[in-house]
Amino acid sequence: MLSMHNIAKVYRTESIETHALREFSLFVDEGEFVSVTGPSGSGKTTFLNIAGLLEESTVGIYELDGRDVSSLNDRDRSRLRNEKIGFIFQSFNLIPDLNLFENVDVPLRYRRLSSGDRKQRVERALESVGLASRMKHLPEQLSGGQQQRVAIARALVGEPRLLLADEPTGNLDSAMADQVMKFLEQIHADGTTIVMVTHDPDLANRAERNIHLIDGRVSGEELVHSQEEVSQTVGFNGDQPLAAKI
Amino acid sequence: MFNYNLKLSLKSMRRNPIMTGLMVAAIAVGIGISMTTLTVYYMMNGNPIPEKSDVLFAVTLDNWNPIRPFDDDRPERAPHQVTFHDAERLLAIGKGKRQTAMFESSLIIEPIDDEGLPFEAGARVTSADFFVMFNVPFIYGSGWDKSADAAAEPMVVLTKGLNERLFGGEDSVGNWLTMQGTRFLVTGVIDTWEPTPRFFDPINGGFQEINEMFIPYSLTRVLELTSAGSDWGWKSEEINSFEEWLNSEAVWVQYFVELESTRERDDYLVHLDAYVEEQKRLGRFERPLNNNIYDVMEWMDYHEVVANDAKILLGLSFLFLVVCLLSTIALMLTKFVGKKSEISLRRALGASRKVIFNQQIVEVAVIGFSGGLIGLSLAALGLQGIEYLYDAPAGLVKLDWVMMFTAIGIAIVSSMIAGLYPAWRVCQIPPAAQLKTQ
Ligand SMILES: Nc1ncnc2c1ncn2[C@@H]1O[C@H](COP(=O)(O)OP(=O)(O)OP(=O)(O)O)[C@@H](O)[C@H]1O
Ligand SMILES: [Mg+2]
């Protein structure tokens, strides 16, 4: 699904050069659930941005779904982002004056879909996070956990193959965090590849594999669960095709 | 996508009403002022009689001082009016398809009933062809016959306004009016007629109301009518009687001829030359032959009906529009800061730069459209102000459809141009800004 080879990312300002990532190589298989941990400033967000085509690496080769993306133009990168990737951010990032329906609708607006089709998808996505009844509400009328569920619905509405989450539970209390985690586990069980950045070791351990970053490099990697175990934790019944092994 | 962008624009405008108000106001003021001057300019520049402007000609003959041209700055030009008796002779020969001579005068109208008071009214002293030549619309009756010109019969054609005043707007054809002790027969009442500019008399003002009535040219001699318009003379002549005045070299009559083909035009110039040659033999017209005809638009140019001030004003007002647009750009750039997070989010969710750019351009077009609409109302007010200031007849300067579409078009296009740079800035916002600002 995602293959990075010798990626480096350097931020240059007038006075300093920051090496956010260096000699960074990582392979994430289709259907995997990977957690990324590491101290602040270790390059987790930078990695996620590059993975999500939000930024370009300074050097290195990045293949998304078998395709080298380094030479793509803005239009193609935008289309890949729109079609293949879903994002969940720490601070939800809902548009305050759009209601829930309109917020979830945003990614679909950048595809050619009929309005009936869009409506159906948005409603299904909101249903899956249990907020279908509040479609007309504005984000500020919801709790933090509910807002993050809307953000999850928005990330899922386009049926992405890869879900990138940057501290999705960072602004939530543990009960809400657990709820959000359950959704992610469900999504993973349905076959979506997930890469999640987190500070919380307990949450990191709920993924299949944990990657630890220090100073822009992968410093350690550990298999946390087998796929079966992860599936069992969310009551996955095993009749759906599982993603390829690690 | 357009509908979505439109919806987003309205949301974005509502999000910051004060900023939106300022942007719309800046464009509205710029459009209001530039449209006011543009309308005035456009009206001054308009063709007052498009259907006939190339077959109607003003005639000039050079009877001026042998040692000095009529206009020192333009020595090639003959005087722009002719003498009374030259006009009278040319009318009598009648070489064109139609021809008319005219000047402005004024007469006292005696009351029709016992209650009214006598009052003075402006008159255009002219000949029968005037009405047909210039496509004058009639409500009642018509102009007088050529026979009335020949016999100097007192007849009168009233404007709508004067007919309203005298006869309460009724069909007054066949009624009588007493002026200067003479009874005039009303032969017709004309409808509202506002050729702009007033092409047949730019000399006495291109933007004035037309005279209140029309009477036959041949009455000049009978009633000893004098011109209320401008006259010019160069020769010191001893004038002891009205007849001597009419036969003097003073020029105060405007002369027009209708000629349909190039051939008729050539023939007419030959005829004018022959006439002047004949007069030269009588000792007049001591300057070299210099007879000209000017069609309507040439005649407007000749008299510089579009004043230079109007052109300068037009330029200034468009500069002002530019200033307004520059402040709109500044406001847009300020607003840009508040857009960062939404735009980078939209970028992350799959909007390409081009899509974001289009979204911004639709937004500025909506702002331009709103500014244009308000600007139009300001222009309407401005034009009323101009009418009031310059005492122009009501309705002389008004916005027509062309001007309205022009105004809205200019507003939209210019605000889109103004929006280009801010929109470009907005679409440069990187999608990643979203994740990093946490
Ligand atoms: N746009 C930027 N310009 C300059 N330096 C940057 C930029 N973005 C990140 N950096 C630097 O790159 C390094 C890695 O940043 P990154 O945001 O990836 O860290 P992180 O692991 O996500 O940290 P945190 O846990 O605090 O979110 C840091 O030193 C940061 O200061
Ligand atoms: Mg981070």
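The values are calculated or read from the model by the stated rules, or taken from the named source; none is laboratory data. Fair warning: this is a prediction, and the values are worked out from it, not measured in the lab. Because the Cβ atoms are built from the backbone with ideal geometry, glycine has one as well, and the counts that use them run over all protein chains shown. The area values use the complete protein model at the heavy-atom level, side chains included, leaving out ligands, DNA and RNA. Shrake-Rupley method; radii C 1.70, N 1.55, O 1.52, S 1.80 Å.
Remarks
- Of all residues in the stretch A:163-179 being open to solvent by 10 Å² or more (accessible area, probe 1.4 Å) and within 14 Å of another protein chain (Cβ to nearest Cβ), the one that is farthest from ligand 1 (Cβ to nearest atom): A:L172
- Subset of the stretch A:42-52 that is within 8 Å of chain B (Cβ to nearest Cβ) and under 18 Å from A:P107 (Cβ atoms) - its residue that is surrounded by the fewest Cβ atoms within 10 Å (Cβ to Cβ): A:L48
- When the criteria are applied in full, A:F89 meets the requirement of being surrounded by 15 or more Cβ atoms within 10 Å (Cβ to Cβ), within 16 Å of ligand 2 (Cβ to nearest atom) and facing another protein chain (nearest Cβ under 9 Å).
- Of the helices (runs of 4 or more DSSP H) contained entirely in the stretch B:327-438, those carrying at least 3 residues that are modelled with pLDDT under 90 and under 30 Å from B:G205 (Cβ atoms) fall at B:353-390, B:401-427.
- So B:S317, is it among the polar types (S, T, N, Q) and within 14 Å of chain A (Cβ to nearest Cβ): no
This table checks each residue for (1) of a type outside the set (D, E, K, R); (2) touching a residue at least 12 places away in the same chain (Cβ under 8 Å); (3) not assigned by TED's automatic domain parsing to the domain that holds B:F285.
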| residue | (1), (2), (3) |
| --- | --- |
| B:K11 | no, no, yes |
| B:M19 | yes, yes, yes |
| B:L22 | yes, yes, yes |
| B:A25 | yes, yes, yes |
| B:V29 | yes, yes, yes |
| B:T39 | yes, yes, yes |
| B:V55 | yes, yes, yes |
| B:P66 | yes, yes, no |
| B:Q81 | yes, yes, no |
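- Comparison of A:P39, A:P107 shows that the only residue that is within 24 Å of A:L2 (Cα to Cα), more than 9 Å from chain B (Cβ to nearest Cβ) and either out of contact with any strand residue (DSSP E or B) (no Cβ under 7 Å at 6 or more places or on another chain) or open to solvent by 50 Å² or more (accessible area, probe 1.4 Å) (or both) is A:P39.
- The stretch A:6-30, residues that are within 30 Å of A:A189 (Cβ to Cβ) and not in a loop (DSSP other than H, G, I, E, B): A:I7, A:F24, A:S25, A:L26, A:F27, A:V28
- Residues located in the stretch B:10-69, provided they are of a type in the set (A, V, I, L, M, F, W, C) and farther than 25 Å from B:L376 by Cβ: B:I49, B:V55, B:L56, B:F57, B:A58, B:V59, B:L61, B:W64, B:I67
- The set of residues from the stretch B:66-122 being of a type in the set (A, V, I, L, M, F, W, C), open to solvent by 30 Å² or more (accessible area, probe 1.4 Å) and outside any loop (DSSP other than H, G, I, E, B) comprises B:L91, B:A92, B:I93, B:I108, B:F119.
- Qualifying residue in the stretch A:182-203 (condition: within 21 Å of A:G43 (Cβ to Cβ), open to solvent by 50 Å² or more (accessible area, probe 1.4 Å) and within 15 Å of ligand 2 (Cβ to nearest atom)): yes
- Members of the stretch A:42-54 found to be more than 16 Å from A:N6 (Cα to Cα), of a type outside the set (S, T, N, Q) and within 12 Å of ligand 1 (Cβ to nearest atom), listed by number: A:L54
- Taking the criterion of being under 17 Å from B:A25 (Cα atoms), open to solvent by less than 70 Å² (accessible area, probe 1.4 Å) and touching a residue at least 60 places away in the same chain (Cβ under 8 Å), the residues of the stretch B:323-357 that qualify are B:C324, B:L325, B:S327, B:T328, B:I329, B:L331, B:M332, B:L333, B:K335.
- Residue match in the stretch A:15-35 (condition: buried (at least 17 other Cβ atoms within 10 Å of the Cβ) and modelled with pLDDT under 90): no
- Looking across the stretch B:182-227 at every residue that is surrounded by fewer than 22 Cβ atoms within 10 Å (Cβ to Cβ) and among the aliphatic types (A, V, I, L, M), the one that is modelled with the highest pLDDT is identified as B:L185.
- Among residues of the stretch A:20-45, those that are more than 11 Å from A:N210 (Cα to Cα) and within 14 Å of ligand 2 (Cβ to nearest atom), counted: 9
- Filter result (open to solvent by 60 Å² or more (accessible area, probe 1.4 Å), of a type in the set (A, V, I, L, M) and at pLDDT 95 or above) within the stretch B:138-172: B:I139
- Residues in the stretch A:46-65 that are more than 16 Å from ligand 2 (Cβ to nearest atom) and touching a residue at least 40 places away in the same chain (Cβ under 8 Å): 9 in all.
- Of all residues in the stretch A:63-80, at least one satisfies being buried (at least 22 other Cβ atoms within 10 Å of the Cβ), at pLDDT 90 or above, of a type in the set (G, A, S) and within 16 Å of B:P430 (Cβ to Cβ).
- Residue within the stretch A:68-77 that is within 12 Å of ligand 1 (Cβ to nearest atom), in contact (Cβ under 8 Å) with a residue 24 or more places away in the chain and on the phi < 0 side of the Ramachandran plot present: no
- Restricting the first member to the stretch A:193-221 and to residues that are closer than 16 Å to A:M4 by Cβ, and the second to residues that are more than 14 Å from ligand 2 (Cβ to nearest atom) and among the aromatic types (F, W, Y), the beta-carbon pairs closer than 7 Å and six or more apart or on different chains are A:G216/A:F24; A:R217/A:F24; A:V218/A:F24.
- Exactly one residue out of A:G145, A:G130 is without any contact (Cβ under 8 Å) to a residue 40 or more places away in the chain, small (G, A, S) and open to solvent by less than 10 Å² (accessible area, probe 1.4 Å): that is A:G145.
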